[in-house]
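The next block holds one structure in the form of C-alpha cells; read it before the comments.
Every read-out reported here was derived from the displayed coordinates using simple, explicitly stated rules and does not represent laboratory data. Keep in mind it's a predicted model, so treat the numbers as computed, not measured. Ideal geometry is used to build each Cβ from the backbone, glycine not excepted, and the neighbour counts take in all protein chains shown.
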Amino acid sequence: MRKYFIASLATLALSTFITLTASAGSIFQMRLVEDHPSDGTEQMTVVTTNNQQVLTHVYYVDKAVLLDQTALKSAKAGTDKRGYAKIDVTFTEAGAKSFADITRENLNKQLAIIVDGQVREAPRIASEISGGKAVITGSFSKQEAKDLAKKLNEAAKKK
C-alpha cells in the first residue's frame, strides 16, 4: 500500500511539473474553456475597455494544452475590415490537422487562445476549421499585434 501511495504521489508530482512547465514556457496555447471551475482548470481573467466601460471576463481554462507554438508555421500582424488589430496565424501541416480535429471534436465549446500567458480571445467553435489558418483578435493595439506576431514567429522557429 505504501509503495502504491508513493508511486501515485510521484506520478501526480511529475504530471503537475509537466503541466506547469509547459504552461510557463509556452508563448502560444489553445485550451478548452469549461463552464465551472474544477481541479483540471485554472481561472484566467481578461479585463478589457470598451467605450470607457471596463469589462471583466472570467474563464475556467483546462490545464491540458491542445496546441502550442510547435504547431505554428507563421504569424502576421494586420488589421481587419474595421481597422482593428489582428494576427493571422498559419499552422504547420501537423498543426493544421490537429486544429481541424480539435474544432470538429469540440463544437459549441469555447477555445481559449492564449498568448504570453493571457487569454486573447475565447471564441465558441461553430464548425470545423480546416485550411490551416486562424485569426487572433482582441484588445491590443497595432503595435502590440506586431510585437505578438514577432514573438509567435520567434517561438515557431525554436521548435
### Query
Using a simple spin-label model with points 7 Å from Cα along the Cα→Cβ vector, what separation in nm is obtained for Asp147 and Ser127?
3.7 nm
### Ranked packing of 141-149, 39-47, most packed first, by mean Cβ within 10 Å
141-149, 39-47
### Query
Among residues other than Glu34 whose Cβ falls under 9 Å from its Cβ, what is the net charge (Lys/Arg +1, Asp/Glu -1)?
-1
### Message
I need the peptides 115-126, 58-69 ranked by packing, meaning the mean over residues of other C-beta atoms within 10 angstrom, with the highest value on top.
### Response
58-69, 115-126
### Message
Let's see if you can work this out: charge +1 on each Lys and Arg Cβ, -1 on each Asp and Glu Cβ, no other charges. What is the dipole magnitude of region 27-157 about its Cα centre, in debye to the nearest 20?
### Response
620 debye
### Task
Report, ordered by chain and residue number, the aspartates and glutamates lying within cross-link reach of Lys97, taken as a straight Cα distance under 15 Å and ignoring same-chain residues fewer than 8 apart.
Asp68, Glu105, Glu128
### Message
Once you place label points 7 Å from the Cα toward the Cβ at Asp62 and Thr48, how far apart are they in nm?
### Response
2.3 nm
## Note on the structure
Correct semi-axes for region 44-159, from √(5λ) of the alpha-carbon gyration tensor and rounded to whole Å with the largest first, are 22, 18, 14
